[in-house]
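Read the figures in this text as sums done on the coordinates, not as results from a lab. Just so you know, these numbers come straight off a predicted model, no measurement behind them. Note: ideal-geometry Cβ built from the backbone for every residue, glycine included; neighbour counts use all protein chains shown.
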Amino acid sequence: MLFVIDVGNTHTVCGVFGGDNLLHHWRVVTEPERTVDEFGLLLGNLFTFHGIKPNDIRGLIISSVVPPMVPILEEVAEKYFHTKSLVVGPGIKTGMPIFYDNPTEVGADRIVNAVAAYEQYRQALIVVDFGTATTFDYISAKGEYMGGAIAPGIGISMEALFQRASKLPRVEVLKPKGVIGKSTVHSMQSGIFYGYVGLVDEMVRRMREETRSDPKVVATGGWARLITSESQAIQEVDDLLTLKGLRIIYQRNLLRKK
């Protein structure tokens with residue numbers, strides 16, 4: 001079995017593959033303050049609940065945008081799973097050329113998503129990831145990572161309204177009944193929801209115009225299905241895109257060693 005871990009700024013998503021099949025996956029809060037043993041206990045409990053033994057894990061790959069988490073998880077891999085971990089970063093084989101001024105600046109999760117999306121669709125793509133930040137990544141028809149855009153995430157934007165505007169409450173992010181809100185809560189929900197729908201559709205339109213192409217638009221991340229319900233640009237939603245990409249990259253590096 002292969003254990004894959006994607007560490008985001010807000011959540012850490014991990015999963016276990018048996019061959020090409022994702023058997024189980026979990027989402028937990030990202031807490032860099034956790035010790036190696038606390039992580040070992042957490043993962044052990046998740047495994048036990050699904051009848052997985054640590055010795056069943058034969059490989060482990062990590063993607064992280066939180067640098068302090070990497071050495072902790074590497075130690076977890078060795079201490080609790082008795083295996084070396086592969087970390088997505090400079091020097092790793094992704095199979096995708098990166099046309100960025102400084103390729104090391106690209107978040108590991110963005111590259112992993114791009115690899116997974118291109119492996120699945122084999123055409124020009126825009127991958128929209130609704131995480132702590134909302135990212136837009138363009139992949140050429142040849143499978144080249146060309147760059148993208150980064151905007152504040154939905155959760156960050158809503159929290160900023162609550163913290164910086166003293167009279168505005170913290171509200172649930174959902175699709176409101178209409179654009180014109182009839183209360184403060186509904187007005188905030190409308191601004192966030194339809195504002196992000198407009199952001200996505202306009203960014204996609206401009207990327208298509210700039211590249212003179214018609215890429216497929218794939219969304220992933222925690223807010224993807226909510227925004228897709230109204231977006232005219234998003235064509236596919238894949239909640240597990242990053243985990244799939246980690247499996248692909250692990251296999252490519254495994255083959256390189258042989």
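Being closer than 17 Å to Phe130 by Cβ, in contact (Cβ under 8 Å) with a residue 24 or more places away in the chain and either surrounded by 13 or more Cβ atoms within 10 Å (Cβ to Cβ) or not charged (D, E, K, R) (or both) is the requirement here; does Thr35 meet it?
no
Quick check: is even one residue across the range 199-218 surrounded by fewer than 15 Cβ atoms within 10 Å (Cβ to Cβ) and of a type in the set (Gly, Ala, Ser)?
no
Against the condition under 20 Å from the mean Cα position of the chain (by Cα) and surrounded by 16 or more Cβ atoms within 10 Å (Cβ to Cβ), how does Phe17 come out, does it pass?
So Phe17 passes the test.
Given the condition touching a residue at least 60 places away in the same chain (Cβ under 8 Å), under 22 Å from Thr220 (Cβ atoms) and crowded, with 17+ Cβ neighbours inside 10 Å, answer yes or no: does some residue in the range 42-61 qualify?
yes
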